[in-house]
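Heads up: the structure comes next, in structure tokens.
The values are calculated or read from the model by the stated rules, or taken from the named source; none is laboratory data. Please read these numbers as outputs of a predicted model, since none were measured by experiment. No Cβ is skipped: glycine too gets one built from the backbone with ideal geometry, and neighbour counts run over all protein chains shown.
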Amino acid sequence: MTEQFEFTTNKEQTDHEAVSINGDTSVFGEDVRADAKQIIARYPESRSALLPMLHLVQSVQGCVSAEGIQFCAEQLALSTAEVSAVATFYTMYKRRPCGQHLVSVCTNTMCAALGGDEIYRKVGEHLGVGHDETAGTPGEEGSITLEHAECLAACDLAPVLQVNYEYYDNQTPEQALELVKALQRGEKPAPTRGPALSDFRGAERQLAGFFDDLESTVAGTSAAVETVRGAQLANERGWTAPSMPDDVEMPPLPEKK
């Protein structure tokens, strides 16, 4: 069962401010601290571990809380201001507790032209929420946080959406709505490509670099037919790119300061 937290906020709080959960860093127990040490050990400089550390925090709390920022600062010998500066720069770090699933609908040019805006509208109407809002109690089964995404790097498969960063390609508004309803029922429909669907916190643990079930993580189709069609045509027709001449002078590398 997913652990639930009481969280506090106020009307003046902005999207750049972290909510407070539990009031201290005790939620990050010995197992989490051991994971943090593993992450830090991957890098020659401890501060370089900040991005995966923030994902680790989200795998525990479902967002980057004020306590999560404090935890990262303590582990990496950084100030909370330095951690907050990074956490507020990237949209993948959530400032409020996320639902069991994060649904990201691409509304950039290609997807929007092919129905992405309509998908976002219908899903939002069904859930009764807007961008970066959660239907249901954050963390509970069937709860969903909705967001519109500027680009999901899958224009050849538009319109697309992601659930916990896994792809669902060539969607229609009806298909997207059925997908969301299945998530609310506690089901986990298979993504178009990639591994079996996890929940948001499970995906965050993987982004922190921990693959507790590596075999299932690497299972599934890794590329869509549309994505590799160009390479297949080039191979069939004998097309190749010109090789790089051996006598090309490379620019000097800058001196390390």
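Can you pull out every residue in region 185-205 that is of a type in the set (A, V, I, L, M, F, W, C) and modelled with pLDDT of 95 or more?
Of everything in region 185-205, those that are of a type in the set (A, V, I, L, M, F, W, C) and modelled with pLDDT of 95 or more turn out to be Phe200, Ala203.
Among the numbered criteria (1) small (Gly, Ala, Ser); (2) part of a loop (DSSP other than H, G, I, E, B); (3) more than 28 Å from Val228 (Cβ to Cβ); (4) out of contact with any Pro (no Cβ under 8 Å at 6 or more places or on another chain), which one does Ala153 miss?
All conditions are met except number (3).
What about Met53, is it in a helix (DSSP H, G or I) and within 19 Å of the chain's Cα centre (by Cα)?
Considered against the rule, which asks whether it is in a helix (DSSP H, G or I) and within 19 Å of the chain's Cα centre (by Cα), Met53 comes out as yes.
Let's see how each residue does on (1) under 21 Å from Leu197 (Cα atoms); (2) among the charged types (D, E, K, R); (3) in the same structural domain as Pro191 (by TED's automatic domain parsing); (4) surrounded by fewer than 20 Cβ atoms within 10 Å (Cβ to Cβ):
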{"site": "His55", "(1), (2), (3), (4)": "yes, no, no, no"}
{"site": "Gln58", "(1), (2), (3), (4)": "yes, no, no, no"}
{"site": "Gln61", "(1), (2), (3), (4)": "yes, no, no, no"}
{"site": "Val64", "(1), (2), (3), (4)": "no, no, no, no"}
{"site": "Glu67", "(1), (2), (3), (4)": "no, yes, no, no"}
{"site": "Gln70", "(1), (2), (3), (4)": "no, no, no, yes"}
{"site": "Glu74", "(1), (2), (3), (4)": "no, yes, no, yes"}
{"site": "Leu78", "(1), (2), (3), (4)": "no, no, no, yes"}
{"site": "Val83", "(1), (2), (3), (4)": "no, no, no, no"}
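With the structure loaded, tell me whether Thr134 is under 16 Å from the mean Cα position of the chain (by Cα) and more than 29 Å from Ala34 (Cα to Cα) or whether it fails that test.
yes
Can you confirm whether region 208-225 contains a residue that is in contact with a helix residue (DSSP H, G or I) (Cβ under 9 Å, 6 or more places away or on another chain), among the β-branched types (Val, Ile, Thr) and in a loop (DSSP other than H, G, I, E, B)?
Within region 208-225, none of the residues are in contact with a helix residue (DSSP H, G or I) (Cβ under 9 Å, 6 or more places away or on another chain), among the β-branched types (Val, Ile, Thr) and in a loop (DSSP other than H, G, I, E, B).
If I ask for residues that are more than 14 Å from Pro52 (Cβ to Cβ), in a loop (DSSP other than H, G, I, E, B) and either of a type in the set (D, E, K, R) or within 21 Å of the chain's Cα centre (by Cα) (or both), which ones from region 70-91 would you list?
Thr88, Phe89, Thr91
Return a yes/no flag: does region 241-253 have any residue that is more than 29 Å from Gln58 (Cα to Cα) and not in a loop (DSSP other than H, G, I, E, B). Break it down into steps so the answer makes sense when it comes.
Initially, region 241-253 is screened for residues more than 29 Å from Gln58 (Cα to Cα), giving 241-253.
Still in the list and also not in a loop (DSSP other than H, G, I, E, B): none.
For region 241-253, residues more than 29 Å from Gln58 (Cα to Cα) and not in a loop (DSSP other than H, G, I, E, B): absent.
Evaluate the following for Thr88: is it closer than 30 Å to Arg47 by Cα, touching a residue at least 40 places away in the same chain (Cβ under 8 Å) and either of a type outside the set (Asp, Glu) or touching a strand residue (DSSP E or B) at 6+ places or on another chain (Cβ under 9 Å) (or both)? Before you say what the answer is, go through the steps one by one.
Working: closer than 30 Å to Arg47 by Cα: yes; touching a residue at least 40 places away in the same chain (Cβ under 8 Å): yes; either of a type outside the set (Asp, Glu) or touching a strand residue (DSSP E or B) at 6+ places or on another chain (Cβ under 9 Å) (or both): yes.
So Thr88 fits the description; yes.
What do you reckon, is Gly238 exposed (fewer than 13 other Cβ atoms within 10 Å of the Cβ), in contact (Cβ under 8 Å) with a residue 40 or more places away in the chain and out of contact with any strand residue (DSSP E or B) (no Cβ under 7 Å at 6 or more places or on another chain)? Can you show your working first?
Numbers: exposed (fewer than 13 other Cβ atoms within 10 Å of the Cβ): yes; in contact (Cβ under 8 Å) with a residue 40 or more places away in the chain: no; out of contact with any strand residue (DSSP E or B) (no Cβ under 7 Å at 6 or more places or on another chain): yes.
In short, no.
If you take the residues in region 130-142 that are modelled with pLDDT of 95 or more and buried (at least 19 other Cβ atoms within 10 Å of the Cβ), which one is nearest to Gln184 (Cα to Cα)?
Ala135
Under 8 Å between Cβ atoms, at least 6 apart or on separate chains: pull out the pairs that start in region 155-169 with a residue that is under 13 Å from Pro195 (Cα atoms) and surrounded by fewer than 24 Cβ atoms within 10 Å (Cβ to Cβ) and end on any residue that is modelled with pLDDT under 95 and of a type in the set (Lys, Arg).
Filtered contacts from region 155-169: Tyr167/Arg193.
Among the listed residues Thr145, Thr107, identify the single one that is touching a residue at least 12 places away in the same chain (Cβ under 8 Å), crowded, with 23+ Cβ neighbours inside 10 Å, touching a strand residue (DSSP E or B) at 6+ places or on another chain (Cβ under 7 Å) and not acidic (Asp, Glu).
Thr145
Scan region 169-207 residue by residue and report those that are farther than 23 Å from Val57 by Cα, touching a helix residue (DSSP H, G or I) at 6+ places or on another chain (Cβ under 7 Å) and among the charged types (D, E, K, R).
Correct list: Asp169 only.
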